[in-house]
Amino acid sequence: MDREMQLRHLEQADRHIAEGKRHIAEQEERIADLACLGADVTEAKKLLENFYFTQAQHIQHRDRILRELEE
């Protein structure tokens, strides 16, 4: 893969990470709000766990691109 394409992928990975941070923060806030109301937050927490997992994948992908760019 050429360097220009890797840089485009890096930009995309950075966007995904930023979006993931926003989704995680919003979901954490929703869970806190629901918990204050005494609502069952089980499913909301499961979704948050999925967000954490996806975010970790985005970070791993970005890190792999960075390593390849350093080579």
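The values are calculated or read from the model by the stated rules, or taken from the named source; none is laboratory data. Here the structure is a predicted model, which means the values were calculated and not measured. Positions of Cβ are generated from backbone atoms using ideal geometry, with glycine treated the same way; all protein chains shown enter the neighbour counts.
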(message) With the structure loaded, tell me whether ALA18 is surrounded by 12 or more Cβ atoms within 10 Å (Cβ to Cβ), assigned to a helix (DSSP H, G or I) and at pLDDT 95 or above or whether it fails that test.
(response) no
(request) Looking for whichever is at pLDDT below 95 and out of contact with any Asp or Glu (no Cβ under 6 Å at 6 or more places or on another chain) here; the options are GLU68, GLU49, GLU29. Which one fits? (result) GLU68
(message) Quick check on segment 26-49. Is at least one of its residues of a type in the set (Val, Ile, Thr) and without any contact (Cβ under 8 Å) to a residue 12 or more places away in the chain?
(response) yes
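Does any residue of segment 27-46 turn out to be closer than 30 Å to LEU69 by Cβ and not charged (D, E, K, R)? Before the answer, list the steps.
Of segment 27-46, the ones closer than 30 Å to LEU69 by Cβ are none.
Among the residues of segment 27-46, not one is closer than 30 Å to LEU69 by Cβ and not charged (D, E, K, R), which makes the answer no.
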(request) Provide a single number: the residues in segment 33-49 that are surrounded by 12 or more Cβ atoms within 10 Å (Cβ to Cβ) and assigned to a helix (DSSP H, G or I). (result) 7
(message) Kindly evaluate HIS23 against the criterion of being in contact (Cβ under 8 Å) with a residue 40 or more places away in the chain, out of contact with any Pro (no Cβ under 6 Å at 6 or more places or on another chain) and surrounded by 14 or more Cβ atoms within 10 Å (Cβ to Cβ).
(response) no
